[in-house]
Protein chains: 2
Amino acid sequence: MIGIFDSGVGGMTVARAVEKVNPSCPIIYYGDLARTPYGSKSPETIIKYSRQNTEFLLSKGAKLIIIACNSASSVASEVLRKEFAVPIFEVITPAVHKVLATSENGRIGVIGTRATIKSDIYNRQIKDGAPDFKVFSQSCPLLVPLVEEGWLDHRETKMIVRRYLHPLKLKKIDTLVLGCTHYPLLSNLIRHRVGKRVKVIDSSEAVALELQQYLEANPDLAAELSCDIASSFYASDVTDAAIATAKRIFGRNIDLIKVDPYC
Amino acid sequence: MIGIFDSGVGGMTVARAVEKVNPSCPIIYYGDLARTPYGSKSPETIIKYSRQNTEFLLSKGAKLIIIACNSASSVASEVLRKEFAVPIFEVITPAVHKVLATSENGRIGVIGTRATIKSDIYNRQIKDGAPDFKVFSQSCPLLVPLVEEGWLDHRETKMIVRRYLHPLKLKKIDTLVLGCTHYPLLSNLIRHRVGKRVKVIDSSEAVALELQQYLEANPDLAAELSCDIASSFYASDVTDAAIATAKRIFGRNIDLIKVDPYC
């Protein structure tokens, strides 16, 4: 089974993408809704929560972990790789690979939570792959609450998106990374705002494709992950709003099971 | 010492109001920033956190507790009063007393988080005191993140405030309760929106005044609470944004001490 965790339900955009490309591998999802969001918290706190989430998924039988949260990927993935023996995927590196393969003018925009942007990880990883690329980052802390409210098409959301993206447009970027798993729900709005010539990279899709390639190269692990039981979705808190967002992402009802392992 | 807790730093509006009317009583503040916000979480989770926060404050020497968070006041105050022997104040009842003393036409608006509004507590308490009053409630989940971003005067904030308050204006309310400790930071904007004829009730000020009256009636407790040590401010997570909001509320630098008692 593939273990996927996020601070909330936003990471379900990753779960959905993984399910699409690997339908035979059941998913164990854990959303830390009792402590969501992570993007406004300190690296120390995010690392502690990420460690606990990983332990929970392993206890449920996960053989591979995907950190489906950019904030946790940014600050906790190195620690988790040191501490746990299973393969650990995160959402940053696959998006960076796609950036390097996509951009023509080497001017990249990155949007994310405050924790993700402050970690500077996209900038560092992109520069590692292409030292002459220019990376322009913008934290967009209000987009997560707007998505969680379901304000996907409100005038206020459009204005806030415009305010956040305006400085990046001025930089003449040709590629924009959606560095938060909530943002794909706003992708139409964001695409409209940056214009057709800017390629928009969705880290959810990018990690799903890298996982697929990895499993093709590791057939034994693929066989181990594949089995006939259904995916299950756990959360440390369950609210009507979370259930509604989960349904919006999957296009079907998701049975969120409440668990309370660490807090 | 007076113990005050909140999910984050919003409750510092209560701490500041209490400090103003009882300058001789030091405060122990605890902001549960590692798990903030509460308003979008389930009653069960909010109760658990509130119990832990109270235990922490008592362990630090608090002799009286103020729940400086409307969401926690709404769902957890009865449980805490049963479980703990110290006097427990919350922010709902004092605001309701003020409503009952203030309103002329008996048409009351209440704004708050989703948890507060869903608890229906303002409606029930106001109706207990004045069965013929009409209460119109509106949850405003985006106002907390807007305040935490410091977007106190942005055009988008004004539009969102207008969208939330519009249905209440149509109801011809004469009194509006700010049912969340973050909202006093938007009170100019809110007052402007509802118009001069609507009285705006700030639960932070209301609880500080009720506490003052209570201490005047209980001089022994007042003497026990009063001492010569400085107030202290603890938080389960500390970020730059929290420090900035704390400074905005108090008008001075607040030294936030990181503690990690329960998560």
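The values are calculated or read from the model by the stated rules, or taken from the named source; none is laboratory data. Please read these numbers as outputs of a predicted model, since none were measured by experiment. Note that each Cβ is placed from the backbone with ideal geometry, even for glycine, and that neighbours are counted across all protein chains shown. In case anyone asks, the SASA skips ligands and DNA or RNA and just uses the protein heavy atoms, side chains included. Shrake-Rupley method; radii C 1.70, N 1.55, O 1.52, S 1.80 Å.
Observations, loosely collected:
- Distances in nm from B:Asp128 to the matching label points in the other copies, shortest first (labels 7 Å along Cα to Cβ): 5.9
- Considering only alpha-carbon pairs that sit under 8 angstrom and 6 or more positions apart, the relative contact order computed for the range B:92-203 is 36 percent.
- Of all the options B:Ile201, B:Ile229, B:Ile160, the one that moves most in a Gaussian network model of chain B with Cα springs shorter than 10 angstrom is B:Ile229.
- Listed by chain and number, the aspartates and glutamates whose alpha-carbon sits under 18 Å from that of B:Lys258, ignoring those within fewer than 8 places in the same chain, are A:Glu44, B:Asp6, B:Asp32, B:Glu55, B:Asp237, B:Asp240.
- Pseudo-label separations to other copies for B:Leu152 - Cα-to-Cβ vector, 7 Å, nm: 3.5
- To the nearest 10, the accessible area of B:Glu78 is 130 Å² with a 1.4 Å probe.
- Occluded residues from the range B:146-161, i.e. those whose accessible area drops by 30 Å² or more once the chain is not alone (1.4 Å probe): B:Glu149, B:Trp151, B:Arg155, B:Glu156, B:Met159, B:Ile160
- Spin-label pair B:Lys158/A:Lys258, simplified geometry with 7 Å Cα→Cβ offset, distance in nm: 4.2
- Counting Cα-Cα pairs of the range B:161-263 in 10 Å increments starting at 0 gives whole-percent bin shares of 12, 28, 30, 23, 7, 0.
- Between 0 and 90°, nearest 10: helix A:43-59 axis offset from chain A longest Cα axis: 40
- Calculated label separations, B:Gly61, copies of the chain, 7 Å along the beta-carbon direction, nm: 5.3
- Length released on extending from B:Ser59 to B:Arg81, taking residue separation times 0.36 nm less the Cα-Cα span: 6.2 nm
- For the range A:233-263, residues shielded by at least 40 square angstrom of accessible area compared with the chain on its own, probe 1.4 Å: A:Asp237, A:Lys258, A:Cys263
- Normalised per residue, the accessible area of the protein assembly as shown is 40 Å², obtained with a 1.4 Å probe and no contribution from ligands, DNA or RNA.
- The heavy atoms of A:His182 offer some 10 square angstrom of accessible surface to a 1.4 angstrom probe.
- In the structure shown, the pairs A:Lys20/A:Lys199; B:Lys20/B:Lys196; A:Lys63/A:Lys158 are assessed against 31 Å; a Cα-Cα span above that value is assigned to A:Lys63/A:Lys158.
- Ordered from highest to lowest accessible area with the whole protein assembly present and a 1.4 Å probe, A:Lys41, A:Lys134, B:Lys48, B:Lys118 read as B:Lys118, A:Lys134, B:Lys48, A:Lys41.
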